[in-house]
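Asks: Got a structure for you, questions after.
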Amino acid sequence: MRVLGLDPRRDRAALAPRVGVMLQEGGVYPGASAVEMLRLYAAFYPAPLAPASLVQRLGLPERTPYRRMSGGQKQRLSLALALVGRPSVVFLDEPTAGLDPQARHVTWDVVRGLRTEGACVVLTTHAMDEAEALADDVVVVDRGRVVAAGTVASLTGGGLRFRAPAGLDARALAAHLGRDVTESAGSYAVAGEVTPELVARVTAWCAERGVLAEGLRAGRTLEDVFLELTGRELRS
């Protein structure tokens, strides 16, 4: 195995400065502020980002000691520490866990920025909408085993999906469209290529019956795929 063309064991000294790792917890002195920790980490790298810019970008408190930070602030500091060295490869372990919606979207923007700059981002998450929004390639792991891998488009597939009251006559809709239609608890799936004409025919058919077709979208979501692959039972 090689990372950035280097052997992780033999070339560890050359590779380590090019890799950033976001820890879920630990690695921070309880009494240190965000600026102090970022300055310390920055000193380990040849061309680090400016700590002050990361503090501002991620909305971190400048003087609050780590032990007094909120869970979301600690999470954002962990992300900043992974980025301060301008890494070429970044490992992010559930980077938005426990964040409010604003901080979550700021984090998404940071990840998109890393991709634009050419960094390789390895992101683990239980939030399927996050993977769908950010990932080029997805690997689904169940109980330590890879059960699916591919692009978002290849995993979610084609077809049109929408929500409506359960019990619509799916057979009648299928006959009207000339396509297979399936239903599961008010979620309807129309097979085949999605075109503007198909969307118009589905919504018109529903409207004639006084039904609003909601959440129309092409393909399945990653959450649909994940549940199909791993089951719907709660895990201990």
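Each reported figure results from applying straightforward, stated rules to the coordinates on display, with no laboratory input. As the structure is a computational prediction, the values presented were derived from the model and not from experiment. A quick note on method: Cβ atoms are made from the backbone with ideal geometry, for glycine too, and the neighbour counts reach across all protein chains shown.
Asks: When a/c is below 1.5 the answer is rounded, else prolate if a/b is larger than b/c, else oblate, so apply that to the stretch 158-219 with a ≥ b ≥ c taken from the square roots of the Cα gyration tensor eigenvalues. Please report the intermediate quantities before stating the final value.
Replies: Values: a/c = 1.27, a/b = 1.20, b/c = 1.06.
Taking the square roots of the gyration eigenvalues as a ≥ b ≥ c, the stretch 158-219 is rounded.
Asks: Tally Lys and Arg at +1 and Asp and Glu at -1 over the other residues with C-beta under 9 Å from the C-beta of residue 152: what net charge comes out?
Replies: Working: positive: none; negative: 132, 136, 137.
Surrounding charge for residue 152 is -3.
Asks: Follow-up question, since we're still on this one. Might you report the magnitude of the Cβ-based charge dipole of the stretch 12-124 about its Cα centre, with Lys and Arg at +1 and Asp and Glu at -1, to the nearest 20 debye?
Replies: 160
Asks: What net charge do the residues around residue 8 carry, taking every other residue with its C-beta under 12 Å from that of residue 8, with Lys and Arg at +1 and Asp and Glu at -1?
Replies: +3
Asks: Right, something else. Report, by chain and number, residues whose modeled amide H sits under 5 Å from the one on residue 219, excluding near sequence neighbours (fewer than 5 apart, same chain).
Replies: Answer set, sorted by chain and number: 159, 160, 161.
Asks: Can you tell me how the chain classifies by the Cα gyration tensor, rounded, prolate or oblate, using a/c under 1.5 as the rounded cut?
Replies: Prolate.
Asks: Which one of 40, 92, 216 is farthest out on the positive end of the charge dipole of the chain, using unit charges on Cβ (Lys, Arg +1; Asp, Glu -1) and the Cα centre as origin?
Replies: Towards the positive end, the residue furthest out is 40.
Asks: Taking the Cα centre of the chain as origin, work out the dipole magnitude from +1 charges on Lys and Arg Cβ and -1 charges on Asp and Glu Cβ, in debye rounded to 20.
Replies: Dipole about the Cα centre, nearest 20: 820 debye.
Asks: Now for a different question. Pop out the ³J(HN,Hα) list for the stretch 139-155 in order, Karplus 6.51 cos²θ - 1.76 cosθ + 1.60 with θ = phi - 60°, rounded to Hz; leave Gly and Pro as x.
Replies: 10, 9, 10, 10, 6, x, 10, 6, 10, 6, 7, x, 6, 4, 4, 5, 7
Asks: Turning to a different aspect of this structure: Determine the sum of side-chain charges near residue 99: Lys and Arg each +1, Asp and Glu each -1, restricted to other residues whose C-beta is under 14 angstrom from that of residue 99.
Replies: So the surrounding residues net to -3.
Asks: Under a Cβ-only charge scheme (Lys and Arg +1, Asp and Glu -1), can you give me the dipole magnitude of the stretch 69-126 about the Cα centre, in debye to the nearest 20?
Replies: Using Cβ point charges on Lys, Arg, Asp and Glu, the stretch 69-126 gives about 100 debye.
Asks: Can you tell me how much longer the chain between residue 93 and residue 133 gets when fully stretched, taken as 0.36 nm per residue apart minus their C-alpha distance, in nm with one decimal?
Replies: Gain on stretching residue 93 to residue 133: 12.8 nm.
Asks: Could you identify which residue out of 215, 144, 26 has the top mean-square fluctuation in a GNM of the chain using Cα springs shorter than 10 Å?
Replies: Checking each option, the largest mean-square fluctuation is seen for 144.
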